[in-house]
1. From the list Leu69, Leu82, which one is open to solvent by 70 Å² or more (accessible area, probe 1.4 Å), touching a helix residue (DSSP H, G or I) at 6+ places or on another chain (Cβ under 7 Å) and either modelled with pLDDT under 80 or among the hydrophobic types (A, V, I, L, M, F, W, C) (or both)?
2. Name the pairs: first residue in region 71-98 and under 25 Å from His150 (Cβ atoms), second residue in a helix (DSSP H, G or I) and open to solvent by 50 Å² or more (accessible area, probe 1.4 Å), Cβ to Cβ under 6 Å, at least 6 apart or on different chains?
3. Is there any pair with a first residue in region 41-62 that is part of a helix (DSSP H, G or I) and a second that is open to solvent by 70 Å² or more (accessible area, probe 1.4 Å) whose Cβ atoms are under 6 Å apart and which are 6 or more apart or on different chains, and what are they?
4. In region 94-105, which residue that is within 13 Å of Asp14 (Cα to Cα) and at pLDDT below 85 is farthest from the chain's Cα centre (by Cα)?
5. Restricting to region 120-148, name every residue that is loosely packed, with under 11 Cβ neighbours inside 10 Å and of a type outside the set (Asp, Glu).
Amino acid sequence: MSCEIIIRAARPEDRRQRAELIELGFLSHQWDAFIYFLFQEVTLECALLAGAVLFIFCGAAPAACALLLPAAAAVVAAAAALTHRALAQAHAPRIEHELFGVVAEARGPPGATLRIRSAPHAAPHEGYSKVVGTGSVSRCRGAPAAGWLHELAVHPQYVSAP
């Protein structure tokens, strides 16, 4: 059994699925951002230095000083989560102001062999279909005939598909 990926123009009824894909794209990088910011030298050094200062100069218990690193990790995790959620919610509505949008729509049973084709004005599909990719083109502030490609997102399940 095969699954066809149709590349077609976006329709208004695709807006909700497209917004979900864009949000999923932003939220999928939350863990990477957490690891990146936690292990930056400044974050670790500040947590360790604060623990050393509290222990040496303030007489804090070693157990209390050891809690500074998990506390710093919690702060970084919360900041990464809030930032990515805010970015996701800010970018999803931008598809309303596009010149045109495209979607990749999977038609057929999930997990089947993929076949990709372009059908810019494909009719709505009656069977199983799911928007698995999206992209938007908006006016660029530069040259009159220029466009700006943005809000490009692909469902993680289809990223490494053959």
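1. Numbers: Leu82 fails: touching a helix residue (DSSP H, G or I) at 6+ places or on another chain (Cβ under 7 Å).
So the residue among Leu69, Leu82 that is open to solvent by 70 Å² or more (accessible area, probe 1.4 Å), touching a helix residue (DSSP H, G or I) at 6+ places or on another chain (Cβ under 7 Å) and either modelled with pLDDT under 80 or among the hydrophobic types (A, V, I, L, M, F, W, C) (or both) is Leu69.
2. Going by the 6 Å Cβ cut-off, the qualifying pairs are Ala80/Gln30; Ala81/Gln30; His84/Phe26; His84/Gln30; Leu87/Phe26; Ala88/Glu23; Ala88/Phe26; Ala92/Glu23.
3. Close Cβ pairs (under 6 Å, with a partner that is open to solvent by 70 Å² or more (accessible area, probe 1.4 Å)) amount to Ala47/Leu69.
4. Going residue by residue through region 94-105, those that are within 13 Å of Asp14 (Cα to Cα) are 95-96, 100-105.
Restricting the remaining residues to those that are at pLDDT below 85 gives 95-96, 100.
Values: Ile95: 15, Glu96: 18, Phe100: 21 Å.
Among those residues, the one meeting the criterion is Phe100.
5. Selection gives Pro120, His121, Ala123, Pro124, Gly127, Arg141, Gly142, Ala143, Pro144, Ala145, Ala146.
The values are calculated or read from the model by the stated rules, or taken from the named source; none is laboratory data. Please read all numbers here as calculations on a predicted model, not as lab measurements. Glycine also receives a Cβ, built like all others from the backbone with ideal geometry; neighbour counts cover every protein chain displayed. Note: areas computed on protein heavy atoms with side chains; ligands, DNA, RNA excluded. Shrake-Rupley method; radii C 1.70, N 1.55, O 1.52, S 1.80 Å.
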